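The block underneath contains the structure these notes are about, expressed in structure tokens.
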There are 2 protein chains.
Amino acid sequence: MPVPKGSTIDPERTRAAILEAATPVLYERGLDGVGVAELCASIGVSKETLYRHFGTKDGLVEAMLTARSERVTRWLAEASAEAGDDPRDQLAAVFDALREWYEDPVFRGCAMLNAAAQHHVEAVRAITARHLDRYLDLLTGIAERAGATDPPLLGRQLLMLVEGATAVAAHHGTAGTGEQARQAALTLLSAAARPSASSRRGSGV
Amino acid sequence: MPVPKGSTIDPERTRAAILEAATPVLYERGLDGVGVAELCASIGVSKETLYRHFGTKDGLVEAMLTARSERVTRWLAEASAEAGDDPRDQLAAVFDALREWYEDPVFRGCAMLNAAAQHHVEAVRAITARHLDRYLDLLTGIAERAGATDPPLLGRQLLMLVEGATAVAAHHGTAGTGEQARQAALTLLSAAARPSASSRRGSGV
DNA sequence: CTGAGATCGTACCGATCGGTTCGATCTCTG
DNA sequence: CAGAGATCGAACCGATCGGTACGATCTCAG
């Protein structure tokens, strides 16, 4: 039924299957680390089919990154939502989820940052920027609900912590990274919600 | 005088000149974003000369990354040392230096993380790991002098903040990033040196 | 001055890459 | 059953890549 008109073999499903199968390969091997021919072979599809659905390797890459960004963001948002009403618990849940991810054997860092570092194409950089926007929205929301004096500031600081922890876990070792980042995040949250002592000094911003 | 034996035209100087000229090109365009031919043309050297000095493109990349890591680490260490004896000022100076870097028009993020994301070669990953080790040493030293209750923990948290701020500045916008990261770093330092309230909660590590 | 070695410029090589084409096969609609 | 469209597999194309070879030129030690 959802099949448009005079088509067969359900192209929509084929497209989705390509996307799903190509994602881990491109993530683990790198966007330019695997050729289209090998990619097609490893996911069991012909080059003609891939090119009819995505037009270009860049087209596939962009579709894959967009889908992955949405999926990952939804995953983190759900982890946060399931933690209850306390923003502190929500933030902890985000970093618990990240810790789980870091310990996955196929973990290779943030796919969006990796892609932007590899592929010098404007469209990819835009997808990465949007991805960070999504993260920022999630974290700023937590900061607001926690009563931070400057939620956008705290949101951005937490964003740095998330991406920094991901980079450190990927390139400097997983051991303890998730827990260390979690502690730092909660410390920042406490200090921002209760700016009693310290913090301000030197320059005034 | 430092020229070894029966050589001419000072090969050592040629090698250093290649390294210096190739560094910004490889950083701005990406390791795989510029071919050897174009690279040689842009730095004014023949392919034969480049290959005699570095053997391989990977050899050049590894030599370049190693030199850059040492140079950048030395730069940050000097900025920290020039800030005086107060570890708090030393940490602030590190982030002030980073903010300067972020505002440079050619800033493209951390060259080591970019390289590790692009080039799936073990040697490059090892150089990146060593680079993070150098950063960690610097930051852990500050944490120790600040009297943190757990300097290795604070050092690693600050490392995440440094790399996270660099990634966010590169891919989500420079505006304010350096200052925001600086504030977060000082907050973490204050909380770690004076673990009076908050921080500990939930899991025990 | 002579000769060893560094450098240049260019041509060249094999491999790989992204992308196209085409005939054969398959699946579903009418 | 007949035909439209999806898919396959393999051949093919031009471009580019990393790396090599070679003769010409240059610089310096002896």
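Taking the accessible area of the stretch A:62-192, probe 1.4 Å, and keeping the other protein chains in place, the carbon and sulfur fraction comes to 49%. Stokes-Einstein diffusion of the stretch A:79-175 at 10 °C, 1.306 mPa s viscosity, Kirkwood radius from Cα pairs, rounded to a whole number: 111 µm²/s.
Relative to the other identical copies, A:THR14 shows label-point distances of 5.6 nm, where the label point lies 7 Å from Cα along the Cβ direction and values run shortest first. Placing +1 on each Lys and Arg Cβ and -1 on each Asp and Glu Cβ, with no other charges, gives the protein assembly as shown a dipole about its Cα centre of roughly 80 debye.
Within the same chain, aspartates and glutamates fewer than 8 places from A:LYS57 are excluded, and of the rest, those with a Cα less than 19 Å from its Cα are A:GLU12, A:GLU20, A:GLU28, A:ASP32, A:GLU38, A:GLU48, A:GLU122, B:ASP32. Note on the protein assembly as shown: along the principal axes its Cα atoms extend 82, 61, 33 Å, ordered by decreasing extent.
Along the axis of the charge dipole computed for chain A (Cβ charges of +1 for Lys and Arg, -1 for Asp and Glu, origin at the Cα centre), the listed residues A:THR49, A:ALA116, A:PRO24 are led at the positive end by A:ALA116. Largest to smallest in accessible area, the residues B:ARG108, B:ARG13, A:ARG134 fall in the order B:ARG13, B:ARG108, A:ARG134 (1.4 Å probe, all protein chains included). On a 0 to 90° scale, report how tilted helix A:151-172 is relative to the longest principal axis of chain A, with both axes built from alpha carbons and the result rounded to the nearest 10. That helix lies at roughly 60 degrees to the long axis. Dividing the Cα radius of gyration of chain A by its Kirkwood radius returns 1.06 for Rg/Rh.
Buried area at the A:B interface is about 4400 square angstrom, summed over both chains, from accessible surfaces computed with a 1.4 angstrom probe.
Using a cutoff of 8 angstrom between alpha carbon atoms and counting only pairs six or more residues apart, the relative contact order for chain B works out to 19 percent.
Computed about its Cα centre, the charge dipole of chain B is approximately 400 debye, with only Lys, Arg, Asp and Glu carrying charge at their Cβ. Summing +1 for each Lys or Arg and -1 for each Asp or Glu among the other residues whose beta-carbon sits under 12 angstrom from that of B:ILE142 gives -3. Summed over the residues of the protein assembly as shown and divided among them, the accessible surface reaches 46 Å² per residue at a probe radius of 1.4 Å.
The long axis of helix A:57-81 is offset from the longest Cα principal axis of chain A by roughly 40 degrees. Inter-copy label distances at B:GLU122, using a point 7 Å along Cα-to-Cβ, come to 4.1 nm with the shortest given first.
Annotation for A:GLU100, label-to-label distances across the other copies: 4.4 nm (shortest first, one decimal, point 7 Å from Cα along Cα→Cβ).
Accessible area per residue (1.4 Å probe, heavy atoms of protein chains only) ranks B:SER80, B:SER42 as B:SER42, B:SER80, with the largest value leading.
With respect to chain B, whose longest principal axis is taken over its alpha-carbon atoms, helix B:87-102 is tilted by about 40°.
The values are calculated or read from the model by the stated rules, or taken from the named source; none is laboratory data. What you see is a predicted model; the values in this text were computed from it and never measured. For neighbour counting, all protein chains shown are included, and Cβ atoms are generated from backbone atoms with ideal geometry for every residue, glycine included. Ligands, DNA and RNA are excluded from the accessible area calculation, which covers all protein heavy atoms including side chains. Shrake-Rupley method; radii C 1.70, N 1.55, O 1.52, S 1.80 Å.
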